[in-house]
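See structure below.
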Amino acid sequence: MAYTLLIRNCGQLLTLAGGPAGRPLTGPALADWQILIDAYLACEDDKIVALGAMADLDETQITTATQVLDAGGRVVMPGLVECHTHLVFAGNRAHEFQRKLQGESYLDILASGGGILSTVRATRAATEAELLDNALRHLRDFRRYGVTTLEAKSGYGLNRETELRLVRVARQAGREQPVRVVPTFLGAHVVPPEYKGRNAEYLAYLLTDVLPELRGEAEFVDIFCEEGAFSVAESRNFLAQAQTMGFKLKIHSEQLHDLGGSRMAAELGAASVDHCDYLNAEDAAFIARQGRTVVVLLPLVPLFLRQKQYAPGRQLIEQGVPVALSTDFNPGSCPSKNLWLALSVACLNMGLTPREALAAVTINAAWALELASEIGSLEPGKQADALVLDVRDYQEIPYWLGENPVREVIMGGQIIRG
């Protein structure tokens with residue numbers, strides 16, 4: 001079969017391939033993946049079938065039906081994988097921004113009925129059509145930044161009807177446009193007002209009344225393990241029961257305090273532990289030894305919240321911990337869809353190198369979603385998701401702070417316009 005799409009004259013083809021088989025990139029391997037110079041990438045339908053030096057291109061596979069895209073010496077790389085977002089919600093929290101600027105903390109605002117609970121009120125009041133329209137608008141923005149796969153958490157309903165609606169909307173949004181959407185159930189975001197002071201009852205309600213209806217609908221179950229939300233013991237019990245129901249696991253942990261939630265979730269085999277700004281070295285070493293759980297760092301959150309503490313990215317890498325990056329797009333602590341900016345901030349404030357950061361938003365982010373066999377690198381047999389960037393050297397990517405370098409987006413072997 002002839003090529004259906006050929007990207008030729010790639011100045012640098014960032015394959016993100018070459019790491020150990022069957023595991024995320026860690027330690028020195030995080031920066032030791034393959035770059036091809038003056039290269040091509042060939043696709044048949046939605047899969048990559050060949051790549052290599054331009055001098056080795058098999059011209060006989062090019063026909064009049066082949067769509068040829070000339071990269072003109074630019075960087076070509078895998079599509080970005082957004083492994084932690086809160087895609088579906090209503091309203092915004094711009095009104096709380098001033099309170100933060102005046103010194104109120106995230107937990108102070110939450111305790112006063114704001115924060116997550118403010119978005120819950122707006123989301124419960126929104127129609128399904130309004131939520132879908134918002135989600136599709138956000139996905140268009142993500143796509144323009146080069147995101148080709150995105151995880152979408154619920155968590156702004158905190159009751160059966162709205163939480164099911166949020167997962168349903170995420171799945172529908174994934175069907176209506178080309179970005180792949182991976183739904184995650186985060187009903188255990190915080191305790192809703194009607195269950196105030198009754199954490200155990202609320203978690204039992206989620207397990208008995210909500211989760212059974214999400215089999216086949218949500219890929220993962222998540223929980224916010226933090227002061228003001230759920231304890232380590234509560235989180236362990238909830239996640240363990242969700243696991244017995246067939247769900248994969250994630251956790252928000254060590255965002256504001258070192259409670260031990262990350263280690264606990266890793267013991268259960270969670271796909272990822274996310275935030276980890278206060279993850280201690282001993283628990284990080286355990287995660288490194290366990291080898292299955294990816295630590296997802298979210299550098300735009302402490303930036304937006306004006307916190308001094310960033311996750312110890314350099315230390316985690318040197319300990320052999322699998323590291324990924326994401327925005328944590330949400331209306332309260334990160335109203336940004338710019339994963340390129342998150343990549344730059346990770347280099348500036350978490351100690352990652354450009355090559356490490358690029359691996360953290362592609363192949364390791366794919367591992368955090370348990371999709372690394374399909375996406376995250378440019379290799380024959382994988383999904384043909386790729387980006388042509390308007391730079392000629394990968395080192396420029398974090399250097400142009402906050403800029404969007406994307407020139408062309410390819411998803412499933414198709415060039416996506418608009």
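The values are calculated or read from the model by the stated rules, or taken from the named source; none is laboratory data. Just so we're clear, the structure is a prediction, and the values are computed from it rather than from any experiment. Cβ placement follows ideal geometry from the backbone for every residue including glycine, while neighbour counts extend to all protein chains displayed.
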- Examine region 244-256 for a residue that is under 17 Å from TYR156 (Cβ atoms) and either within 22 Å of the chain's Cα centre (by Cα) or not assigned by TED's automatic domain parsing to the domain that holds SER154 (or both), and state whether such a residue exists. yes
- Item | Cross-chain or 6+ apart pairs with Cβ under 7 Å, region 373-386 first and among the β-branched types (Val, Ile, Thr), then part of a loop (DSSP other than H, G, I, E, B) | ILE375/LYS382; ILE375/ASP385
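So which of GLU163, GLU104, GLU176 ends up being among the acidic types (Asp, Glu) and crowded, with 23+ Cβ neighbours inside 10 Å?
One residue alone meets the criteria, GLU163.
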- Note down all Cβ pairs under 9 Å where the first residue falls in region 96-121 and is closer than 23 Å to THR162 by Cα and assigned by TED's automatic domain parsing to the domain that holds PRO193, the second is surrounded by fewer than 18 Cβ atoms within 10 Å (Cβ to Cβ) and of a type in the set (A, V, I, L, M, F, W, C), and they're at least six residues apart or on different chains. GLY115/LEU107
- Message: Filter region 22-63 down to the residues that are part of a loop (DSSP other than H, G, I, E, B) and either closer than 24 Å to TYR394 by Cα or in contact with a Gly (Cβ under 8 Å, 6 or more places away or on another chain) (or both) and list them by number.
- Response: ARG23, PRO24, LEU25, THR26, ASP32, TRP33, GLN34, ASP45, ASP46, LEU57
- Output the number of the condition that LEU352 fails; it satisfies all remaining conditions of (1) touching a residue at least 40 places away in the same chain (Cβ under 8 Å); (2) crowded, with 21+ Cβ neighbours inside 10 Å. (1)
- Query: Failed condition for ASP222, given (1) surrounded by fewer than 19 Cβ atoms within 10 Å (Cβ to Cβ); (2) assigned to a strand (DSSP E or B), with all others met?
  - Reply: (1)
- Query: Filter region 334-349 for residues that are among the aliphatic types (A, V, I, L, M) and touching a residue at least 60 places away in the same chain (Cβ under 8 Å); which is surrounded by the fewest Cβ atoms within 10 Å (Cβ to Cβ)?
  - Reply: LEU341
- Message: Of the conditions (1) touching an Asp or Glu at 6+ places or on another chain (Cβ under 9 Å); (2) closer than 23 Å to GLU396 by Cα; (3) in a loop (DSSP other than H, G, I, E, B); (4) not polar (S, T, N, Q), GLU370 satisfies every one except a single condition; which number is it?
- Response: (2)
- Where a residue in region 158-178 is β-branched (Val, Ile, Thr) and its partner, wherever it lies, is at pLDDT 95 or above and part of a loop (DSSP other than H, G, I, E, B), with Cβ under 6 Å and at least six apart: VAL167/SER154; VAL167/GLU217; VAL167/ALA218; VAL169/VAL88
- Query: Restricting the search to region 64-92, which residues are more than 30 Å from SER154 (Cβ to Cβ), in a loop (DSSP other than H, G, I, E, B) and in contact (Cβ under 8 Å) with a residue 24 or more places away in the chain?
  - Reply: ALA65, THR66, ALA71, GLY72, GLY73, ARG74
- Task: Name the residue, out of ALA65, ALA90, that is out of contact with any Cys (no Cβ under 7 Å at 6 or more places or on another chain), over 23 Å from PRO354 (Cα atoms) and crowded, with 18+ Cβ neighbours inside 10 Å.
- Result: ALA90
- Item | Filter pass, ASP46 being within 28 Å of the chain's Cα centre (by Cα) and touching a residue at least 12 places away in the same chain (Cβ under 8 Å) | yes
